[in-house]
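The values are calculated or read from the model by the stated rules, or taken from the named source; none is laboratory data. Small disclaimer: the values here were computed from a predicted structure and weren't measured. Cβ placement follows ideal geometry from the backbone for every residue including glycine, while neighbour counts extend to all protein chains displayed. Only protein heavy atoms, including side chains, enter the accessible area calculation; ligands, DNA and RNA are left aside. Shrake-Rupley method; radii C 1.70, N 1.55, O 1.52, S 1.80 Å.
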Amino acid sequence: MYGNDFAEPDDPGAGPLNAADGGAVEAAAAHVDTKAQQGLETFDAIIAADQRIEPRDAMPEEYRQTLIRQIAQHAHSEIIGMQPEGNWITRAPSLRRKAILIAKVQDEAGHGLYLYSAAETLGIDREELLDRLHTGKQKYSSIFNYPTLTWADCGAIGWLVDGAAIMNQVPLCRCSYGPYARAMIRTCKEESFHQRQGFELLWELMRGTPEQQAMAQDATNRWWWPALAMFGPRDTGEHAVTGGHTEQSMAWGIKRFSNDDLRQKFVDMTVPQAQRLGVKIPDPDLKWNAERGHYDFGEIDWDEFWRVIKGDGACNSARIERRVTSHQQGAWVREAAAAYAAKQRQRAGAGAQAGAADGEGSAA
Amino acid sequence: MSEGTLPLFEVFVRAKRGLSHVHVGSVHAPDATMAVRNARDLYTRRQEGVSIWVVAASDIVASSPDEKDSFFDPAGDKIYRHPTFYDVPEDVEYL
């Protein structure tokens, strides 16, 4: 559902954004032997040729850590992203809508698993990643800390949040790290359904009663700005937040467009859709700029953005609490399955021994 | 029972009859039977496959990227293995 990578400027867990800032390169350089040096030259050549890095290739440690952090944050966002919409499964207004919503929430789980699978190719353990989510050491997208107050929110999430996610994720299909790019291709194929079902949901409401239309407008009002904020801090022009990941990630071919470029594309794509839908976008500064060939739009409330990222959103603690609880409550399933598998292995081992004693080898 | 990460299985899916199984990703599962089921739920939710293989990741033996050059070098100078290596008259058909 989401694929950006940014950290609080003062988050010590994020590590230096540019390796040159942290002295990590110098420290590592002292230990680099000739062979590793050759490996990194190969890495640079592969990146320069716009080819893909694969799991067992030599790569700079900072590249590996950047990818682990970004893919993990992306995976966490997918599985936390099950909650806002999962909230409405029991109250979906028709069997059709309920089936769609269940399928969508299941897809979000699937996207999380594609991504955890990709992250693990970088040499990190699945349990470790979940632990980092549960203990707050790694973040997920702040968008999921907003509540889903009405049924129309499920439509607004599909249309705006998944729409923004697609904008982020399509360029990631060309990411320099092969497993991440492949996970994104798979994910993007499925996101289109998410966005369209959301638009259709709002489309139906907008052709319904005045109350239903008001509900769709209210959801648009509440999700528009958080959706724009999903692209991350400004990273171009005079307002660029310094210390972001954009420059290094672009040099490494992880990121293909700046946050601001993607945000602009999203606005340009979405405004005509809103007009067709008949909802008003809650931005008095929104207007077409013929000179630029783009829509101008107002400034995001960045104080709110950082506040929510740092844990002060409406649902931060509830989301993590729910996640940890469900992980704990599922422990018996994992334990039972592992116990069963162990018993089967034991029986197979005992059977093989007995068979060997009887003179019946595997030839039987 | 301690709760470690369950074993990792690599997943291969045959998209349709006539095609090879292709690697699609991985799943965790307590055993191979469950891995097939998990892979079904994860990688074929939209009929992307007609057959699934799972292989314990620890059982895969692979060539090493470190010796990529020396390992694949022997094929480098045997250009006579390619049909375009041969000079034949241009007016001979079906050759």
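Being crowded, with 16+ Cβ neighbours inside 10 Å and closer than 16 Å to A:THR121 by Cα is the requirement here; does B:LEU42 meet it? It would help to see each step written out before you state the result.
Details: crowded, with 16+ Cβ neighbours inside 10 Å: yes; closer than 16 Å to A:THR121 by Cα: no.
Against the criterion (crowded, with 16+ Cβ neighbours inside 10 Å and closer than 16 Å to A:THR121 by Cα), B:LEU42 does not qualify.
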* Asked: Inside segment A:47-68, can you point out the residues that are open to solvent by 30 Å² or more (accessible area, probe 1.4 Å) and either touching an Asp or Glu at 6+ places or on another chain (Cβ under 7 Å) or closer than 14 Å to A:LEU172 by Cβ (or both)?
  -> A:ARG52
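Looking for whichever is farther than 28 Å from A:LEU130 by Cα and either without any contact (Cβ under 8 Å) to a residue 40 or more places away in the chain or open to solvent by less than 60 Å² (accessible area, probe 1.4 Å) (or both) here; the options are A:ASP301, A:ASP312, A:ASP268. Which one fits? Steps first, answer last, please.
Numbers: A:ASP301 fails: either without any contact (Cβ under 8 Å) to a residue 40 or more places away in the chain or open to solvent by less than 60 Å² (accessible area, probe 1.4 Å) (or both); A:ASP312 fails: farther than 28 Å from A:LEU130 by Cα.
Among A:ASP301, A:ASP312, A:ASP268, only A:ASP268 is farther than 28 Å from A:LEU130 by Cα and either without any contact (Cβ under 8 Å) to a residue 40 or more places away in the chain or open to solvent by less than 60 Å² (accessible area, probe 1.4 Å) (or both).
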* Structure fact -> Of the residues in segment A:215-238, those that are open to solvent by 60 Å² or more (accessible area, probe 1.4 Å) and of a type in the set (A, V, I, L, M, F, W, C) come to A:MET215, A:TRP225
* **Options B:SER63, B:SER70; residue that is over 27 Å from B:ARG14 (Cβ atoms), within 13 Å of another protein chain (Cβ to nearest Cβ) and among the polar types (S, T, N, Q)** => B:SER70
* When you scan segment B:1-14, how many residues do you find that are touching a residue at least 24 places away in the same chain (Cβ under 8 Å) and either within 13 Å of chain A (Cβ to nearest Cβ) or hydroxyl-bearing (Ser, Thr, Tyr) (or both)? -> 7
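Output the residues belonging to segment A:44-72 that are part of a helix (DSSP H, G or I) and within 21 Å of the chain's Cα centre (by Cα).
Step one: of segment A:44-72, the residues part of a helix (DSSP H, G or I) are A:44-48, A:61-72.
Listed by number, the residues that qualify are A:GLU62, A:TYR63, A:ARG64, A:GLN65, A:THR66, A:LEU67, A:ILE68, A:ARG69, A:GLN70, A:ILE71, A:ALA72.
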* Please state which one of A:TRP306, A:TRP302, A:TRP332, A:TRP288 is over 27 Å from the mean Cα position of the chain (by Cα), away from every other protein chain (no Cβ under 14 Å) and aromatic (Phe, Trp, Tyr). => A:TRP288
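Consider segment A:113-127. How many of its residues are part of a helix (DSSP H, G or I) and facing another protein chain (nearest Cβ under 8 Å)? Spell out the reasoning first.
Residues of segment A:113-127 that are part of a helix (DSSP H, G or I), as a first pass: A:113-120, A:126-127.
Remaining after also requiring facing another protein chain (nearest Cβ under 8 Å): A:113-114, A:117-118, A:120, A:126-127.
Counting residues in segment A:113-127 that are part of a helix (DSSP H, G or I) and facing another protein chain (nearest Cβ under 8 Å) gives 7.
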* To do: Grab the helices (runs of 4 or more DSSP H) fully contained in segment A:133-212, keeping just those with 1 or more residues being open to solvent by 20 Å² or more (accessible area, probe 1.4 Å) and small (Gly, Ala, Ser).
  => A:178-206
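So is A:GLU78 among the acidic types (Asp, Glu) and within 14 Å of chain B (Cβ to nearest Cβ) or not?
Working: among the acidic types (Asp, Glu): yes; within 14 Å of chain B (Cβ to nearest Cβ): yes.
Yes.
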* Asked: Tell me, which residue of segment A:73-91 that is over 19 Å from the mean Cα position of the chain (by Cα) and in contact (Cβ under 8 Å) with a residue 60 or more places away in the chain is most open to solvent (accessible area, probe 1.4 Å)?
  -> A:ARG91
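Name the residue that is surrounded by the most Cβ atoms within 10 Å (Cβ to Cβ), counting only residues in segment B:25-38 that are more than 8 Å from chain A (Cβ to nearest Cβ) and in contact with a strand residue (DSSP E or B) (Cβ under 7 Å, 6 or more places away or on another chain). Walk me through how you get there before you give the answer.
Going residue by residue through segment B:25-38, those that are more than 8 Å from chain A (Cβ to nearest Cβ) are B:32-33, B:35-38.
Checking the rest, the ones that are also in contact with a strand residue (DSSP E or B) (Cβ under 7 Å, 6 or more places away or on another chain) come to B:32, B:35-36, B:38.
On the way: B:ALA32: 14, B:ALA35: 25, B:VAL36: 16, B:ASN38: 21.
Per the criteria, the residue is B:ALA35.
Please go through segment A:82-97 and pick out each residue that is of a type outside the set (A, V, I, L, M, F, W, C) and closer than 19 Å to B:ASP41 by Cα. Lay out the reasoning, then the answer.
Kept after step one, since they are of a type outside the set (A, V, I, L, M, F, W, C), are these residues of segment A:82-97: A:83-87, A:90-91, A:93-94, A:96-97.
Listed by number, the list holds a single entry, A:GLY86.
Does A:ALA99 fit the bill of being assigned to a helix (DSSP H, G or I) and surrounded by fewer than 18 Cβ atoms within 10 Å (Cβ to Cβ)?
Working: assigned to a helix (DSSP H, G or I): yes; surrounded by fewer than 18 Cβ atoms within 10 Å (Cβ to Cβ): yes.
Against the criterion (assigned to a helix (DSSP H, G or I) and surrounded by fewer than 18 Cβ atoms within 10 Å (Cβ to Cβ)), A:ALA99 qualifies.
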